[in-house]
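Heads up, the thing below is written out as structure tokens.
The values are calculated or read from the model by the stated rules, or taken from the named source; none is laboratory data. Nothing here was measured: the structure is a model prediction, and the numbers come from that model. Methodologically, a virtual Cβ is constructed for each residue, glycine included, from the backbone with ideal geometry; neighbour enumeration extends over all protein chains shown. To get the accessible areas, we keep the full protein, side chains included, count just its heavy atoms, and leave off ligands, DNA and RNA. Shrake-Rupley method; radii C 1.70, N 1.55, O 1.52, S 1.80 Å.
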Amino acid sequence: MPRDHRPAKSVRVLLAEDQKMMRGALALLLGMEPDIEVVAQVSAGDEIVDAVLAGRPDVALLDIELPGMSGLDAAAELREQAPDCRVLILTTFGRPGYLRRAMEAGAAGFLVKDGPVEELAEAIRRVLTGETVIDPALAAAALSAGPNPLTARECDVLKASADGATVADIAGKLHLSESTVRNYLSSAIGKTGTRNRMEAMREARQQGWL
């Protein structure tokens, strides 16, 4: 249907995706739907909230792993600053931990990128009516995986361990003592069943806990 024949009230969508080709393809395909209009596109997570407040989309379609701020953190901010905007997470990484965190952040849906665009368009329409839309296979995996065993502080310490940071570096960054950092790292290593903090960080990321 040509764009001039769109319904008077189209669903206004914001796209947050850092890969330019993927973002362009999604915008093009969704724009072919007669009742969906892509009104904003951003490539970084820290641009999402401002773009939503400026463009007032009905639905924000967010990737998770974005520069500046993750889509999950942006979803939590949108819940506070733009509660009328429904959030739909669309990601390559269908990790159970990501799904749990998305729901905790107030997302209305969670889909992986390998589905057909018709399914995505229908999910956009459904979340706008108040439904929650979750990839069925991922929902089952999340239920079997159980909750994140790491505390918020253990997650903070593991995140700060990236790029070879020393215990002293982590302690300074998080305003903790070095002995406290070692205790958190030891606990996280035990809970993830790994041998050291780098393995613990990789396992936590693989599960979607970080």
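Just to be sure, is LEU90 open to solvent by less than 40 Å² (accessible area, probe 1.4 Å) and over 21 Å from VAL11 (Cβ atoms)?
Answer is no for this residue.
Filtering the range 102-118 down to residues that are part of a loop (DSSP other than H, G, I, E, B) and of a type in the set (D, E, K, R), which residue is nearest to GLY130 (Cα to Cα)?
So the residue we want is LYS113.
When you check VAL181 against the structure, is it closer than 28 Å to ARG23 by Cα and surrounded by 13 or more Cβ atoms within 10 Å (Cβ to Cβ), yes or no? Quick ask: steps written out before the conclusion?
Values: closer than 28 Å to ARG23 by Cα: no; surrounded by 13 or more Cβ atoms within 10 Å (Cβ to Cβ): yes.
Spelling it out, it is not the case that VAL181 is closer than 28 Å to ARG23 by Cα and surrounded by 13 or more Cβ atoms within 10 Å (Cβ to Cβ).
Out of ASP35, ASP58, I need the residue that is under 20 Å from GLU119 (Cα atoms) and crowded, with 19+ Cβ neighbours inside 10 Å. Which one? Walk me through how you get there before you give the answer.
On the way: ASP35 fails: crowded, with 19+ Cβ neighbours inside 10 Å.
Step by step, each of ASP35, ASP58 is checked, and only ASP58 is under 20 Å from GLU119 (Cα atoms) and crowded, with 19+ Cβ neighbours inside 10 Å.
Can you pull out the residues in the range 185-210 that are closer than 21 Å to GLU104 by Cβ, free of Cβ contacts under 8 Å to residues at least 60 places away in the same chain and not aliphatic (A, V, I, L, M)?
LYS191, THR192, GLU203, ARG205
Restricting to the range 162-178, what's the tally of residues that are β-branched (Val, Ile, Thr) and not in a loop (DSSP other than H, G, I, E, B)? Walk me through it before giving the result.
Step one: list which residues in the range 162-178 are β-branched (Val, Ile, Thr), which gives 166-167, 170.
Filter again for not in a loop (DSSP other than H, G, I, E, B), leaving 167, 170.
Of the residues in the range 162-178, 2 are β-branched (Val, Ile, Thr) and not in a loop (DSSP other than H, G, I, E, B).
Are any residues in the range 116-131 free of Cβ contacts under 8 Å to residues at least 24 places away in the same chain and basic (Lys, Arg), and if so, which ones? Talk me through it step by step, then tell me what you get.
Of all residues in the range 116-131, those free of Cβ contacts under 8 Å to residues at least 24 places away in the same chain come to 116, 118-119, 122, 126, 129-131.
The one that is free of Cβ contacts under 8 Å to residues at least 24 places away in the same chain and basic (Lys, Arg): ARG126.
Name the residue that is farthest from TYR98 (Cα to Cα), counting only residues in the range 148-161 that are in a helix (DSSP H, G or I) and open to solvent by 40 Å² or more (accessible area, probe 1.4 Å).
Initially, the range 148-161 is screened for residues in a helix (DSSP H, G or I), giving 152-160.
Those left that are additionally open to solvent by 40 Å² or more (accessible area, probe 1.4 Å): 152-153, 156, 159.
Numbers: ALA152: 15, ARG153: 18, ASP156: 16, LYS159: 15 Å.
Checked the range 148-161; the qualifying residue farthest from TYR98 (Cα to Cα) is ARG153.
Scan ARG195, ARG125, ARG95, ARG100 and give me the residue that is charged (D, E, K, R), more than 26 Å from VAL11 (Cβ to Cβ) and at pLDDT 85 or above. Spell out the reasoning first.
Details: ARG125 fails: more than 26 Å from VAL11 (Cβ to Cβ); ARG95 fails: at pLDDT 85 or above; ARG100 fails: at pLDDT 85 or above.
After applying the criteria, what remains is ARG195.
Can you tell which of LEU99, LEU72, LEU138, LEU78 is open to solvent by less than 60 Å² (accessible area, probe 1.4 Å), in contact with a Cys (Cβ under 9 Å, 6 or more places away or on another chain) and in a helix (DSSP H, G or I)?
Residue meeting the stated conditions: LEU78.
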